[in-house]
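The values are calculated or read from the model by the stated rules, or taken from the named source; none is laboratory data. Predicted model, so just to flag it, every value in this text is computed and none were measured. Quick reminder, even Gly has a Cβ in these numbers, built from the backbone with ideal geometry, and neighbours come from all protein chains shown.
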Amino acid sequence: MIAPILLAGAVAVGTAGTAQAVPPPPPNPSDREIQDSQSKASQSAAEVGRLSGAMSSTQAKITRLQDSMELAAELAMKARVDLQVAQATADDAEQFVATSRRAASQAGDAISAAENGAAQFAAASFRQGSVAGSLTALLDADSIDELLARSQMIAQVSGSQAGVLDLLRTSRVSKANLDSQAREALAAARRARSAAQDAQRSADRAEQAAVDSFASGQRQLTVLQAQLVDQQATYQQALDQVAELKGQRAQYETWLATKKAEERRVAEQAAVQQRQAAIALRQRQLAEQQQAQVEKQRADAIRTGRKRQQDLARARAQRGNDGGSQPGTPSAPPGPPDAGPESPVTQPGPADGRAGQRVVQEALKWVGTSYAWGGGDINGPTKGIRDYGVADQYGDYKKIGFDCSGLTLYAWGQVGVRLPHYSGYQFNRGQRVDRSDLQPGDLVYYANDTSNPATIHHVAIYMGNDQIIEARQSGDVVRISSMRWAGYIGATRPGT
């Protein structure tokens, strides 16, 4: 009994371990540092939001400027078309003036001839007398037929000479009227041509102003983009700083929790060791007490045994070797308890308008063709023309291609419908089509102000399935695009 008790106490005391080493603490940023970094990140985020909003606003402005630029280009095209018409009208007027002058010259010649004839007739009549002259002409005839012919001729000459004065007056009035009409027509044609030239110059200036505004917007957008990139970098740095400080704080809190856990473990282990030491001490004390009691009991047993032996010896001596009773048979030790039946082991079980179509087909032939401002006619793509603006910057005047109205006039021209080379004029050709009734081949138009057809700046060909074919802008090509409803002002069906 003594050895096992002492051994258990020794083992209990020996199992008390030492505290594990805790690493030095990581950096622990202050709450103020974390708050400052978060405030900086919030300010940077607000600036990013502001710049993003400014970029969106500028981008929308650029879109409007692009529409205005396209409208200005279309109006410049309109001015060119109007100038061509005015030039043709002026040419016709000049031709009319030339014709009138020739007619006036011929009338002057006729007047001079009539005046000479009248003068000669008057002189002859004065010298011979009209009756005597007539008789002389009749008497000189060689035959009856000649006599009749001369008689008729004299009657006609007398009658015509009587109307010479009226003819002279009429010719002079006609000549004066022709001259006046020719001068008025020429003056009107020249005024129209001058007005058309002024309109073209104004349109060119407006287009250049639109180009300049567009370029300014692009520059502003570039500056905002650069500022946004810088601010986003600053914002990211602020976020990284916040994340780093929070990470340091998290590491420190983890370290602190580990340190406290280790301190608790050490304290608990020390308490266990103290309890174990107290138990061991108590066990030693009990063992010593038990050992003393056993020694005492042993001594008492020895004394009692000796006394009994002495008493037995005396009794035996008195009886004369009578003998004692036999010791009883010890009872058999109890058997082991019944273990009972084995518990069964269960196995787990084993573990679901044909014309419109033709227009579309004709336009599709030119998909991929370069955009060229002013390009395209009924025969196909043509070289673009100068606009001294955006189109020139893209070299449209050196390209063979279509602009928006050039593509539409070509495609519809293949089915016998002639359209002017200007989207605003095309809008007035053909029946208007409701949005819900669009068919392949219909022309769809876009404007800055959807309530004002004068602001139309683009036209495209509807091909069905919410798709269009268009030549949209310089630097682009003839392409298939999704139908756009922003800026949509209406549609027409040419030839109806």
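List of remarks:
Every residue, every condition in (1) charged (D, E, K, R); (2) at pLDDT 90 or above; (3) over 30 Å from ASP36 (Cα atoms), yes or no:
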{"residue": "GLN200", "(1), (2), (3)": "no, no, yes"}
{"residue": "LEU224", "(1), (2), (3)": "no, no, no"}
{"residue": "GLU262", "(1), (2), (3)": "yes, no, yes"}
{"residue": "ALA271", "(1), (2), (3)": "no, yes, yes"}
{"residue": "ALA277", "(1), (2), (3)": "no, yes, yes"}
{"residue": "ALA287", "(1), (2), (3)": "no, no, yes"}
{"residue": "ARG298", "(1), (2), (3)": "yes, no, yes"}
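- Residues satisfying the stated conditions in region 367-410, i.e. aliphatic (A, V, I, L, M) and touching a strand residue (DSSP E or B) at 6+ places or on another chain (Cβ under 6 Å): ALA372, ILE400
- Scanning region 351-370 for residues that are assigned to a helix (DSSP H, G or I) and touching a Lys or Arg at 6+ places or on another chain (Cβ under 8 Å) gives a single hit, GLY356.
- Strands (runs of 3 or more DSSP E) fully within region 411-464 counting 3 or more residues that are touching a Phe, Trp or Tyr at 6+ places or on another chain (Cβ under 8 Å) and not acidic (Asp, Glu): 443-447, 456-464
- Number of the exception - ARG432 against (1) crowded, with 19+ Cβ neighbours inside 10 Å; (2) within 24 Å of ALA486 (Cβ to Cβ): (1)
- The listed residues are GLN106, GLN59, GLN84, and the only one of them that is at pLDDT below 85, within 30 Å of ARG183 (Cβ to Cβ) and not acidic (Asp, Glu) turns out to be GLN106.
- Condition met for LEU245 (more than 30 Å from ALA54 (Cα to Cα), touching a helix residue (DSSP H, G or I) at 6+ places or on another chain (Cβ under 6 Å) and in the same structural domain as SER30 (by TED's automatic domain parsing)): yes
- In region 473-496, the residues that are crowded, with 19+ Cβ neighbours inside 10 Å and of a type in the set (Lys, Arg): ARG493
- Residue in region 449-456 that is surrounded by 22 or more Cβ atoms within 10 Å (Cβ to Cβ), at negative phi and not assigned by TED's automatic domain parsing to the domain that holds ARG80 present: yes
- Failed item in (1) among the acidic types (Asp, Glu); (2) under 60 Å from the mean Cα position of the chain (by Cα); (3) modelled with pLDDT under 80, with ASP230 passing the rest: (3)
- Subset of region 46-67 (residues that are more than 24 Å from ASN452 (Cα to Cα) and of a type in the set (D, E, K, R)): GLU47, ARG50
- The set of residues in region 388-410 that are assigned to a loop (DSSP other than H, G, I, E, B) and in contact with a helix residue (DSSP H, G or I) (Cβ under 6 Å, 6 or more places away or on another chain) contains only GLY389.
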